[in-house]
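Enquirer: The structure follows.
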Amino acid sequence: MTDTSHRVDPFTVQIVKESLDSIEREVEAAIERTSRSPMIRDQHDYRVGLHDNKCRKLTGRSYSAMVNAVVRDFPIDTMNPGDVYFFNDVYLSEGSIGHLPDLCSTVPVFHEGEVVAFVQAFGHHDDVGGTVPGSMPGDAKSCFEEGLMIPPIKLYDKGERNEAAFTILRRNTRTPDGLLGDVDSEINACLMGAARLEGLFRRFGKEVMEKCFQIILDQCKNTFVNELFPKIPDGTYEFEDYVEHDGVSDPKLYTIALKIHKTADKIVLDFNGTDPQAVGPINWPADYADGRFLVKWIAPILRNLAETPERAAEIDVNEGVCDVFEVIFPPKGTLITPVFPAATNARSFILLRSIGLLAGAITKAVKGLMPADQETIRYSGLYGTDDAGEFFLWREVLGGGSGGRYYADGSDVIHIVPDSRNQPVEFVETRFPLVIDKLGLRQDSGGPGKFRGGMGYDKHIRGLTETTAILTADRVRLGCYGVNGGQAGMPFQSSTINQGEELLLDGLVNDAAVEENGTFRICTTGGGGWGDPIERDEAMVLQDLLEGRISERSANEDYGVVVQWDEFGEPMLDQQATKSLRAEIAAQPDRQRPLIDRGAGYDMMRGNGS
């Protein structure tokens, strides 16, 4: 006889799965409606996760933090209804918190007196102390310079608020009202989510719910093994990527190395060969909990191997994916295995590169049928004193272009944090003494290709009073790489403009002065291009030129397209001249395009330029 004791009908499984997704979205919506700070309420730089009582993430819309650190310090059998746990300590988070502004709240879900699940929210908060407003000092050498470190603590005990802890929080931030308002918002949203999840347990019972959880995790695992892994030939593939500065030392190439070994049902990720930890704050402690956070963070890039883009969008990535990946970390003391108290506030440089690492290795395996490199993340801000004499801090995370794909251009100005977005102009101008003079696409930023990289932002912020600019950004020299003949996208660039004089900034900046009516300009990265640019459809080049996405210089030099301008100032294709120019470019003796193009910045730095 066949054992059917573990089976649950597929309708129930789907109801539970969709209900979990709905609860997660409802918790996120509640945080958006009730939080206080621009980074949380308007920027949407926060994530929610639902986990079972084995600390496994059940939902798969996006990454989130992990429960492991809470359960490590507070065993499940000691938890009570009304308890709320709280932490941000990078080195005591089991790898799920990368820098101190990411405060994390965790609520256990009870059913019939026992913990059956967890609801968790973490977000990037404006300020948790440290030497620089915004808690991301670009020259930090130790996490003690970066702000308040909180190991897992009980912020509510059986519903009783820990007033001493809240007093410490208020005392250690430059933006107390916003910070405490956000924390209250996140906790109450998680409590609401816990009530919703407990309702599912009442409806279906613990046994059915736990069986559904396992089936949902197995579905994710099986999708990777049966649908995505067969697209990758078995074998070993290697790739490296680089960060160009650490904010303290002279600019140089910091190497993050990856070797993958792929078999039919597993991928081994080996990060040996990664450079030693940096003096400055670009380190990322990923070597905890068997690298489970890292796996959930980078595995979604493999969705690009799905049969169609529509199918790729349907694939959720939950804890089940950890069963088909194994991570081998180098010994302690590298960029990805730093030793406490190495600074980590700019850990997003390594975090984002890890996606490009896996994508690059897979690109080699599938002969270029992966997207070019995607945008990276950067944090910008201005602070000062307003007309009322009050301190203000404006913070924003701006996106950039995603990489071109074998079937389409990259997307413009995407944000790596799902559902995140730029802050509304109206909000910024009514809350801060700032004016947004320009918010548009950065011309020529997308890497040229048969399918062009997505465009980055070009944003100009003018201060109505004296301000100081702060910035945490990478790819100031290294553009997002192009694939299969495509070219790298434009690197990041920022500057201050005071009395008409423009001063270019590096990527890690604590104190760039912006005079009254001066401007802070931010130009974000474009995605890498895919395929040879001279194979791009001429009509698409013409449309890009008409829309101002590319310049006439780029149309001519990168794409081999020649235009004439009519009396109305619109471009017209010169077909004969274009045909001749493209033939001339194709015939150049050094014309062969590489599988991976890292751009001029890489060549310069490899030659020890800066």
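The values are calculated or read from the model by the stated rules, or taken from the named source; none is laboratory data. These figures come from a predicted structure and were not determined experimentally. A quick note on method: Cβ atoms are made from the backbone with ideal geometry, for glycine too, and the neighbour counts reach across all protein chains shown. Note: accessible area is taken over every heavy atom of the protein model, side chains too, but ligands, DNA and RNA are not part of it. Shrake-Rupley method; radii C 1.70, N 1.55, O 1.52, S 1.80 Å.
Enquirer: Among 456-464, 77-85, what's the highest-first ranking by average C-beta atoms within 10 angstrom per residue?
Expert: 456-464, 77-85
Enquirer: Another question, if that's okay. Which of Ser64, Ala30, Tyr46 sits closest to the plus end of the dipole of segment 21-69, meaning its Cα is farthest towards the positive end, when Lys and Arg get +1 and Asp and Glu get -1 on the C-beta?
Expert: Ser64
Enquirer: Dipole of segment 219-280, Cα-centred, from +1 at each Lys and Arg C-beta and -1 at each Asp and Glu C-beta, to the nearest 20 debye?
Expert: It comes to approximately 360 debye.
Enquirer: If packing is taken as the average count of other Cβ atoms within 10 Å, what order do 140-146, 108-114 fall into, highest mean first?
Expert: 140-146, 108-114
Enquirer: Continuing with the same structure: Evaluated at 20 °C with a viscosity of 1.002 mPa s, what Stokes-Einstein diffusion coefficient in µm²/s does the chain have when Rh comes from the Kirkwood expression over alpha-carbon pairs?
Expert: Stokes-Einstein gives a translational diffusion coefficient of 85 µm²/s.
Enquirer: Placing unit charges on C-beta atoms (Lys and Arg positive, Asp and Glu negative, everything else neutral), compute the dipole magnitude of segment 67-118 about its Cα centre in debye, rounded to 20.
Expert: Dipole of segment 67-118, to the nearest 20 debye: 120 debye.
Enquirer: Between Asp83 and residues 5 or more places away or on another chain, which pairs have amide H atoms under 5 Å apart, with H built 1.01 Å from N, and which residues are they?
Expert: Lys158, Gly159
Enquirer: Can you tell me which of 480-486, 25-31, 35-41 comes out highest on packing, and rank the rest after it, using the mean Cβ neighbours within 10 Å?
Expert: Highest to lowest by the protection proxy: 480-486, 35-41, 25-31.
Enquirer: For every helix of n ≥ 4 consecutive DSSP H residues, a contribution of -39,500 (n - 2.57) applies; sum these over the chain, divide by its total residues, and give [θ] at 222 nm rounded to the nearest 500 deg cm²/dmol.
Expert: -8000 deg cm²/dmol
Enquirer: From the mean inverse distance of alpha carbon pairs (Kirkwood) and the Cα radius of gyration, derive Rg over Rh for segment 10-223.
Expert: 0.98
Enquirer: So for the chain, taking the charge dipole from beta-carbon charges (+1 Lys/Arg, -1 Asp/Glu), which of Val13, Leu200, Leu546 sits furthest toward the positive end?
Expert: Val13
Enquirer: Using the Cα centre as the reference, give the magnitude of the dipole from point charges on the C-beta atoms of the chain (Lys, Arg: +1; Asp, Glu: -1; all else neutral), rounded to the nearest 20 debye.
Expert: 1320
Enquirer: Okay, next question. Using +1 at the Cβ of each Lys and Arg and -1 at the Cβ of each Asp and Glu in the chain, identify which of Gly453, Gly247, Val366 lies farthest towards the dipole's positive end.
Expert: Result: Val366, furthest along the dipole toward the positive end.
Enquirer: Kindly point out which whole DSSP H helices in the chain project their C-alpha atoms 18 angstrom or further along the helix axis while averaging a Kyte-Doolittle hydropathy of 1.0 or above.
Expert: In the chain, the long hydrophobic H runs are 348-365.
Enquirer: Right, here's the next one. With a 1.4 Å probe and every protein chain left in place, work out the accessible area per residue of segment 10-223 in Å², rounded to a whole number.
Expert: That works out to 35 Å² for each residue.
Enquirer: Hey, another quick one. Please report the equivalent ellipsoid semi-axes of segment 336-398, computed as sqrt(5 x eigenvalue) of the Cα gyration tensor, largest first, in whole Å.
Expert: 37, 18, 4
Enquirer: Still on this model: Tally up the carbon and sulfur contribution to the accessible surface of the chain as a whole percent, 1.4 Å probe, everything protein left in place.
Expert: For the chain, the apolar C and S fraction of the accessible surface comes to 48 percent.
Enquirer: Let me ask another. Write down the Kirkwood hydrodynamic radius of segment 488-610, to one decimal in angstroms, obtained as one divided by the mean of 1/r over all alpha carbon pairs.
Expert: 17.5
Enquirer: What figure, in Å² to the nearest 10, do you get for the accessible area of Glu314 with a 1.4 Å probe and non-protein molecules left out?
Expert: Its accessible surface works out to 120 Å², give or take rounding.
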